[in-house]
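The structure under discussion appears below in the form of structure tokens.
Nothing in this text is a laboratory measurement; each read-out follows from the coordinates by a stated rule. As the structure is a computational prediction, the values presented were derived from the model and not from experiment. In this analysis, Cβ positions are derived from the backbone assuming ideal geometry, glycine residues included, and neighbour counts consider all displayed protein chains.
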Amino acid sequence: MSLVRTAFAVMVAGACTLAGCVTVVEGPTKGVQFKKGPSAAKSGNSAVRTGPASGNAGSAQGPGALQTPVPPMQLPEGGQIAQPVTSGVSSSRVQVAVAPIGIIEYDGQTLPIVSPDGRYIAVQQGKAPAWATILAQDDQTPADGARLAMFEVTDQGLKTLPIANDIPPGLMLGRDASPRGFLVESVRPDGSRWIGEVAWATGQVSWLVTGSDIFAQGAYLPDGASAGIVCSARERGGEQSVILLVQNGQRRVLANEAGTAWTFPTPVASPGDGGVIVFAMCVTRAGVETGAIGVRETGGSVLARRRVATEGSIELAFQAIASMQPSAWAIGDSSGSAVAGDSGASIALVHPDQARVVVFEPRSGTMLPIGKGTVASIRWQDAGASGYFVTGREGLLYLPDAGVQSGQVPARVLGSPYVVRAVRDHRGPSMIGFGPSKRNERALEVLRIAVGGQPRE
């Protein structure tokens, strides 16, 4: 949320359909602010900004709201939550099998995050934070109405895990998780912002990045190497923000440019580029770009940048990346490319002006679209499938690499708009999917989705 994964959870919330979850509104009044370029409405894209102008990003609960994490609800008796659409599956040469896991309450705004091994899920419940807090602006306030909950995924369903009683109030769910724990962020009394990790085993929080600045949008390095993370960092009252790598007690600046707000860093494994490339959003007065940053021993170097919006808006940067969980974005060779002859790392993000997922290939400089109205994606290379699972109006879709190159229409896999996370345990790869509940607009149905076989129990 800022560290938020809050993403397009708006999009999976109850009656909110994928086509109608992004709205045009005014954003926060303080923090990263740039002069607006040509409006999206003038260019024919009116739905390109997220969030209300003020207040909270989700509906507030009344005086009777629960003050403890809400356990998973039971699934409807005899009800199958989602069914594969076989006609779409055959054309894309991918088969999936679905196993319901449970139903969890969330704050109506923030998408859950999953450990890369698929064993645990963390979710934010209660009252969603204000948008200034979500976007890490100067007028952010502690998320006192939010509460965290974590669950273990078992053969019998979801098991509630205890959060430590002495955990600080006002913690928000972060963007990422590891086998050890999940990231959280905390707005401090002096207006600064810290990043911490809550351990799955104990429910205790330990602080990873502290100080007088605003540290936000943290993400783990691939495979959780040495507990390293990347994040954005900004002085309070300043417009410029940098991408920071924090590892083994040391801090390195990877991207720093005058008049530029580097935000939402997303590391991707890239063996041919020193082990990792950090993709990030870049907000300037001229608009919003996505950039690829190579990691070096002494810092970082920007390898490529592409414009995705003509309005310099932190909200648009958020919209582009908010549906992604960095550590659960790719299965198999995460450095695989959808472009023939391109062996470097790539990333799929939401292009705000085009209002769909695109694959950004920094080596070739290409940006390839996937479908129309798509809002989330993961990269998949396993079980004979190599391509992208994307969330769209029609449901969960799949497009192989060859289809990305030729501009084909994705095939429908599930008829409901599930946002999926790519996970791998000792039994192999699968996906954890979150979709809208028909019973409760502030609840999400949770599935395990296996590709090319049966769900592993």
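A few remarks follow.
- Relative packing of peptides 360-369, 121-130, 307-316 - highest average C-beta neighbours within 10 Å first: 121-130, 307-316, 360-369
- Two-site FRET efficiency, THR154 against SER406, from Cβ-Cβ distance with R₀ of 45 Å, rounded to 0.05: 0.60
- Fewest-first ordering of GLU239, GLU197, GLU297, GLU441 by other beta carbons within 10 Å of each residue's beta carbon gives GLU297, GLU441, GLU239, GLU197.
- Peptide packing for 149-155, 404-410 was compared via the average number of neighbouring C-beta atoms within 10 Å per residue; ordered from the highest value, the list is 149-155, 404-410.
- The local environment of GLU105, defined by Cβ-Cβ distances under 15 Å, has a net charge of +2 under the rule Lys, Arg +1 and Asp, Glu -1.
- With the simple model of a label 7 Å out from the Cα in the direction of the Cβ, ALA97 to ALA164 spans 4.1 nm.
- Here the residues PHE182, PHE279, ranked from fewest to most Cβ neighbours within 10 Å of their Cβ, fall in the order PHE279, PHE182.
- Ranked by how many other beta carbons lie within 10 Å on average, peptides 245-251, 205-211, 290-296 from highest: 290-296, 205-211, 245-251
- Since only LEU173, LEU161, ILE134 are under comparison, the one whose Cα sits farthest along the positive direction of the charge dipole of the stretch 133-183, derived from C-beta charges on Lys, Arg, Asp and Glu, is LEU161.
- Each of ARG119, ARG448, ARG234 was scored by other Cβ atoms within 10 Å of its Cβ. Arranged with the fewest first, they read ARG119, ARG448, ARG234.
- Debye, to nearest 20: dipole size of the stretch 180-261, +1 on Lys, Arg Cβ, -1 on Asp, Glu Cβ: 120
- With an a/c value of 1.5 or above and a/b not larger than b/c for the gyration tensor axes a ≥ b ≥ c computed over the alpha-carbon atoms, the stretch 163-295 is described as oblate.
- Using a simple spin-label model with pseudo-atoms 7 Å out from Cα toward Cβ, ASP190 and ASN440 lie 4.0 nm apart.
- Reachable aspartates and glutamates, given that their alpha-carbon falls under 15 Å from the alpha-carbon of LYS127 and they are not under 8 places away in the same chain: GLU105, ASP107, ASP144, GLU441
- For the stretch 208-287 versus the stretch 118-132, the gap between their alpha-carbon centres in whole angstrom: 22
- Cross-link partners of LYS372 among aspartates and glutamates, defined as those whose alpha carbon lies under 14 angstrom from its own and excluding same-chain residues fewer than eight positions apart: ASP353, GLU394.
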